[in-house]
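Beneath this line is the structure, given in structure tokens, with notes to follow.
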């Protein structure tokens, strides 16, 4: 492939560089590239080694070609041509060889500099990916961050991540990037069977490439491409038995994956595997923490039979109202935990007071009101439950500032606490208590509306009424 040209090709009308492309071993330049030795022909028209460029005149031409060799490796050639027979002498050859020796050193230095710069760029990108995943505890987020690194590192815009289900052995899509909308639904519903996974993944640790002739045998509905391209697969493994794969699609039919692509894919897969292992351990730790707090909740339920149904119903209602108000993802998860554990502090209140069949005295009410502070303190040692603590502490604050324990008002009260407060009041009003019977739902709704703007956030009450009227409250 020519990288520079000066002169003319007679009457040739097409692109000059296209005309000069020559395979190694073909023509004079290809012969020099193959042998690494200088070649001079006094008349290329009569030389069997020379190749005629289609579209050019058949004329007498002298041709001198010198190899660009570096450490016994030929990286290219320099060619001089001149119309006429025997136009170059030994001095011309010596000068061209000296020029070539200087040029090849410059080329090699430039290549090394470019390689070093590219290596530094990719190393920095891998380092940034590793840093970015250090504190990510969500498996889906780990996969999305890793997928976003693929275009920068591999130059490929289409990629997928698959995770094995430990029970069924099937691989399910964990995330994807760069696929046309018409393929996305098919992606979400596809499953890689255990038998296929066993053949390609269970026995392999290093990334590998599915060549185009193999990809062509995959049914079109599973290939998810309009054409046939190479596919790179990088296995991912994490303790104790996690298994997944990163799948990267070549940018075009003509582009093949190189050893450099495989090394970079291995780097991405290894970093992702480590992050997935950390996320799994965090998830297990999180479940252990939740189990501990639920054990406390169970102890509370033993004190007050009402509390069990109340907390779980309150969590369901709060999730519905939170979604109505635009909360999603981690926000809804935090709200659910806040609602589930909002009364956990009652574990520090005497059973007699909790079960008292009559309204509490002022002194008893003061003691009871401390349960929000106690609940917040119970969760203090649990790292991942820190966002839940303010919800519990403020779950009995009032919109007008007359609540407890901090007399917060309006939007100074966390939104999640305002949601829990409304749901808590509704469920309490519509449940039987030792000292009174349940109110009808219509009356409970009327009282919520009446207290909107004083006890309750008006926006939360409106959202509650909308969800209730649609029948989406899910109190049971």
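Computed from the coordinates by the stated procedures, all read-outs in this text should not be read as laboratory data. Computed from a predicted structure; not experimentally measured. Cβ coordinates were reconstructed from backbone atoms using ideal geometry, including for glycine residues, and neighbour counts include every protein chain displayed.
For the stretch 402-476, the convex hull spanned by the alpha carbon atoms encloses 105 Å³ per residue.
What order, most packed first, do the peptides 383-391, 156-164 have when packing is the mean number of other Cβ atoms within 10 Å of each residue?
Numbers: 383-391: 18.3, 156-164: 22.0.
Descending packing order for the listed peptides: 156-164, 383-391.
Just need log10 I(q)/I(0) for the stretch 352-444 at q = 0.25 Å⁻¹, Debye formula, equal scatterers on the alpha-carbon atoms, no solvent, rounded to two decimals. Debye intensities relative to I(0), on a log10 scale: -1.26.
In percent, how large is the relative contact order of the stretch 304-470, given Cα pairs closer than 8 Å and 6 or more residues apart? Let's see the in-between values first.
Numbers: 238 pairs, mean separation 37.4, N = 167.
It rounds to 22 percent for the stretch 304-470.
For the stretch 140-181 and the stretch 351-372, what is the separation of their Cα centres, given in Å? Between the Cα centre of the stretch 140-181 and that of the stretch 351-372, the gap is 54 Å. With R₀ set to 45 Å, the beta-carbon distance separating residue 101 from residue 330 gives a calculated FRET efficiency near 0.10.
Along each principal axis, taking the top coordinate minus the bottom one, the Cα set of the stretch 62-156 gives 75, 22, 17 Å in descending order. First check a/c for the stretch 16-106, with a ≥ b ≥ c the square roots of the eigenvalues of its C-alpha gyration tensor; if it is under 1.5, answer rounded, and if not, answer prolate when a/b is larger than b/c or oblate otherwise. In terms of gyration-tensor shape, oblate.
Would you mind computing the Rg to Rh ratio of the stretch 100-161 from its alpha-carbon coordinates, Kirkwood style for Rh? Provide the component values of the computation, followed by the final result.
Details: Rg = 17.1 Å, Rh = 13.8 Å.
Result: Rg/Rh = 1.23.
If R0 equals 25 Å, the separation of the Cβ atoms of residue 181 and residue 121 corresponds to a calculated FRET efficiency of about 0.20. Full extension of the segment from residue 312 to residue 94, taken as 0.36 nm per residue of separation minus the current Cα-Cα distance, would add 69.4 nm.
Once the Cβ-Cβ distance between residue 112 and residue 206 is put in as r, and R0 is 41 Å, what FRET efficiency do you end up with, to the nearest 0.05? Each step should come with its number before you reach the end.
Numbers: r = 27 Å, r/R0 = 0.65.
So, using R0 = 41 Å, E works out to roughly 0.95.
The equivalent ellipsoid of the stretch 304-470 has semi-axes of 22, 20, 15 Å, largest first, where each one is the square root of 5 times an eigenvalue of the Cα gyration tensor.
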